[in-house]
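Below you'll find the structure, written out as structure tokens, and then a few comments.
The values are calculated or read from the model by the stated rules, or taken from the named source; none is laboratory data. Just so it is clear, the structure is predicted and the values come from calculations on it, not from any experiment. As a convention, Cβ positions derive from the backbone with ideal geometry for all residues, glycine included, and neighbour counts pool all protein chains shown. The accessibility values were calculated without ligands, DNA or RNA, using every heavy atom of the protein model including side chains. Shrake-Rupley method; radii C 1.70, N 1.55, O 1.52, S 1.80 Å.
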Amino acid sequence: MGLRVNDLKVYYQTLRGEVKALDGVTFAVGDGEILGLAGESGCGKTTLGKSLIRMDGRMRHTGGTVELDGAELPIGDDRRMNRFRFSEVSIIPQYAMSAMNPTRKIGKMVADLLESRGLRYRNLAGELERRLDLVELPREVLGSYPLELSGGMKQRMVMVISTLLDPSLLIADEITSALDVSTQKAVARTLVGFRDRGFVRSVIFITHDISLTYQIADTIMVMYAGKVAEKARADVIVNAPRHPYTKLLISSLPEVGVRYADRKLAGIPGSPPSLLDPPTGCRFRDRCPLAHDKCAEEPPAVEVEPDHFVACWKA
Amino acid sequence: MRQYFGRKALIYALTFFVAVTINWMIPRFMPGDPIQGLVARAQVADPASVDAMRAHYTNLFGLDVPWWQQYVNFWAALLRGDMGISIWAFPTPVTDLIIRAVPYTLGLLIPAILLSWWAGNRFGAFAARRKWLDNTVLPIGYLLTATPYMWLALLLAWTLAILAGIFPVSHAYSFAVQPSWSWEFLGSLAVHWVLPFSSLFLVMFGGWAIGMRNLIIYELESDYANYLQALGARSRLVRGYAFRNAVLPQITGLALQLGTIVAGALVTEIVFSYPGIGHLILQAINNQDFFLLQGAFLFIVLGVLVANFIIDVVYTLVDPRTRIRMQGNAV
Ligand SMILES: Nc1ncnc2c1ncn2[C@@H]1O[C@H](COP(=O)(O)OP(=O)(O)O)[C@@H](O)[C@H]1O
Ligand code: SF4
Ligand SMILES: [Mg+2]
């Protein structure tokens, strides 16, 4: 059944007004699907990931619904959401290097966490050890402090912890950004392995690195300024994009396998609009080479082919 | 680990050696002639007797030998626990005076340090999660720490002792009672203790509470706290971790604060005429009693060193990070 997100709006409350970081986002992720989430920095990827598991204090759920396996997720209600966290929705945070309490042995921390969720460490210890073997971590790590692990080991440890309860949806936000290229590949492969073994059912894989996304994602969703620009099968997005923004994004990659990191896209002059007071109509209008009068109206997302959605009047 | 503590012990020993040496030097370069004062106190007019007395005292205090001999003698005596004879309370040995004063100073300092540390940390952690409390406590805390200690002590003495008359203004017990293990004496001791104790407690409490509040807030925003919360951990677990991690820097803070706390006790004892080491130091300075001054300073140096060493050990035991770094191994 997977995840269904319907017209989701999440705004940040700031002193200068509301930042409309997610402004009507609709998409679905099927069972067993890895969705790659791409787009320039500041387009709302992290906001989307956090909205699905735990909003921070300044985020407000202003509209829309999220459904996971047929049940509605109370994303705006921190308390009621707790029941779903870890067991239904889980996250591998961007900051895996510092995600574990530095003064607690890892095994103890996991036990504390499980007990805090009303589970018994003893019942899960066997499975935990099997998974450590799987990601090639010695079992002794459970008796170590995070400081005693290398960066790659910490990353794998956090992956194992986050997926221990076999969540239905896993959010992985920029988990490879801090790693070197070979480790990145290994981490991505591990993630696919987890999906294949059924440790997680669906994955939202957020990264700046569109070529890495292409290697592991089944579907890629491109966001622009708080909205979905295009969503399609990974090979379709890379080889036959329809949205002008996606086209520029792909063509600005010299070749698949090169990261475009966080820099401004060379091929697209200008910068995304402010989300404090976003313009009406298509938000890409200022920078779009194909913009025309019609673009003053907001383009709806249209399914141009089966499972290929584009929000552009020219698509 | 053993190597680490060995090195630490060496550093402490060296510090002690240097401190003792400086301690020996300072009073000898102090302006004024203590022997002169002692002789003058005897009020003899006859120059011959004055000379005889002077020679007698100089010999008695060991000042009639070359300075290096004095230095060696000083160490030899020190190792025997002999710190000379007081000039101010002649002929009481300095060691006796210090032993008599120590219970008062420690009885004031140790409860004030430990209780303010404990209560400040608890309270700071508590304030960190109540907005209204935070908003009222924080300014008060800052006010308390920013107040010069002297003012606070005088303010307490003035309001609670002189105006309200609830507590006595000075001394460790009423002169109307004889020191003994009677309830009357102990009660007198207790009411005299309250004001100097409270003044020390309040000043330190504010600092610990603010420090803890800031540390807890920092810890609660840290990555591991966010991760745990994203995985739905109860806030009790997250707060527990945050508290434990925030206490660690407070332990180091305790070590750093010790030096200033000792100075604070000095002022307290002077303000409240409390007969501890600080009070002795004041007498020693007023009477140019450099043996007593040396003894008192030495006691303080020893106290600070011992306390620092203990905290060093405790810190390495409680913080796995320092422990691991010292062992320098990974899995
Ligand atoms: N705490 C915050 N307060 C206000 N605005 C924020 C906050 N966090 C993010 N934003 C804004 O929300 C938008 C989306 O940010 P984010 O989701 O972090 O983007 P991405 O992950 O794609 O780089 C950006 O315009 C950013 O400036
Ligand atoms: S709707 Fe118009 S402005 Fe927006 S991307 Fe399409 S062509 Fe460009
Ligand atoms: Mg982000």
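Which longest uninterrupted range of chain A lacks any GluC sites (Glu not before Pro) assigned by DSSP to a loop state (not H, G, I, E or B) and surrounded by at most 13 other Cβ atoms within 10 Å? The answer is A:1-135. Pairing the Cα long axis of helix A:121-134 with the longest principal axis of chain A, what angle in degrees results, from 0 to 90 and rounded to the nearest 10? That helix lies at roughly 70 degrees to the long axis. If a paramagnetic tag sat 7 Å from the Cα of A:Arg80 along the Cα-Cβ line, which residues of the range A:51-72 would have the backbone N under 13 Å from that point? A:65-67, A:71-72, by backbone N distance to the label point. The modelled label-to-label distance for the pair A:Asp196/A:Ala178, using points 7 Å beyond Cα in the direction of Cβ, is 2.7 nm. Buried on complex formation within the range A:132-156 (loss of at least 30 square angstrom of accessible surface versus the isolated chain, 1.4 Å probe, ligands and nucleic acids ignored): A:Tyr145, A:Leu147, A:Glu148.
Within chain B, the longest segment free of exposed loop sites, counting trypsin sites (Lys or Arg not before Pro) that fall outside DSSP classes H, G, I, E and B and have at most 15 other Cβ atoms within 10 Å, spans B:131-331.
With the largest listed first and rounded to whole Å, the semi-axes of the equivalent ellipsoid of the range A:131-181 from the Cα gyration tensor are 18, 16, 9. Here chain A is scanned for trypsin sites (Lys or Arg not before Pro) in DSSP loops (not H, G, I, E, B) that have at most 10 other Cβ atoms within 10 Å, and the longest stretch holding none of them is A:121-315. Within a straight-line Cα-Cα reach of under 29 Å, A:Lys154 can be paired with the following lysines, leaving aside sequence neighbours fewer than 8 residues apart in one chain: A:Lys45, A:Lys50, A:Lys105, A:Lys108, A:Lys185. Structural descriptor for the range B:123-274: relative contact order 34 percent, calculated from alpha carbon pairs under 8 angstrom and at least 6 residues apart. Between helix B:277-286 and chain B there is an angle of about 40 degrees, using the helix long axis and the longest principal axis of the Cα atoms. For the protein assembly as shown, the Cα gyration tensor yields ellipsoid semi-axes of 72, 27, 23 Å (square root of five times each eigenvalue, largest first, whole Å).
The slack between B:Arg41 and B:Val191, meaning 0.36 nm per residue of separation minus the straight C-alpha distance, is 50.4 nm. Seen against the Cα atoms of chain B and their longest principal axis, helix B:290-318 is set at about 20 degrees. Using only side-chain charges placed at the Cβ, +1 for Lys and Arg and -1 for Asp and Glu, the dipole size of chain A relative to its Cα centre rounds to 640 debye.
Averaging 1/r across all pairs of distinct Cα atoms in chain A and inverting the result yields a Kirkwood radius of 20.3 Å. Once both labels are positioned 7 Å from their Cα atoms along Cα-to-Cβ, the gap between B:Ser170 and A:Ser150 label points is 7.0 nm. Only the Cβ atoms of Lys and Arg (+1) and of Asp and Glu (-1) were treated as charged; on that basis the dipole of the protein assembly as shown about its Cα centre amounts to roughly 640 debye. Taking 0.36 nm per residue of separation and subtracting the Cα-Cα distance, full extension of the segment from B:Leu282 to B:Trp132 would add 49.6 nm. Taking the square roots of five times each eigenvalue of the Cα gyration tensor of the range A:147-238, the equivalent ellipsoid has semi-axes of 23, 16, 12 Å, listed largest first. The residues of the range A:97-114 listed by number as losing at least 50 Å² of accessible area in the complex, against the isolated chain and with a 1.4 Å probe, are A:Asn101, A:Pro102, A:Thr103, A:Leu113. Charge dipole of chain B (Cα centre as origin; +1 on each Lys and Arg Cβ, -1 on each Asp and Glu Cβ, all else neutral): 1520 debye, rounded to the nearest 20.
Each label was represented as a point 7 Å from its Cα along the Cα-to-Cβ direction; for A:Asp293 and A:Ser274 these points are 3.0 nm apart. The relative contact order of chain A comes to 21 percent, based on Cα pairs under 8 Å that sit 6 or more residues apart.
Taking chain A as a Gaussian network of alpha-carbon nodes connected by springs under 10 Å, the highest mean-square fluctuation of the residues A:Pro289, A:Pro273, A:Pro241 belongs to A:Pro289.
Accessible surface buried at the B:A interface totals approximately 2500 Å², computed with a 1.4 Å probe on protein heavy atoms. Here the Gaussian network model covers chain B, with springs between Cα atoms less than 10 Å apart; of B:Val137, B:Val39, B:Val102, B:Val39 fluctuates the most.
The residues of the protein assembly as shown expose on average 48 square angstrom of accessible surface per residue, using a 1.4 Å probe on protein heavy atoms. On alpha-carbon atoms, Rg over Rh for the range B:180-290 using Kirkwood Rh? My calculation of the ratio gives 1.22. For chain A, modelled as a GNM whose springs connect Cα atoms under 10 angstrom apart, the maximal fluctuation among A:Leu275, A:Leu128, A:Leu149 occurs at A:Leu149.
Once C-alpha pairs closer than 8 Å and six or more residues apart are averaged by separation and normalised to the residue number of the range A:28-148, the relative contact order reads 19 percent. For the range B:100-319, place one equal point scatterer on every Cα, skip the solvent, and apply the Debye formula. What is log10 of I(q)/I(0) at q = 0.15, 0.16, 0.18 Å⁻¹? Normalising to I(0) and taking log10 leaves -1.03, -1.12, -1.28.
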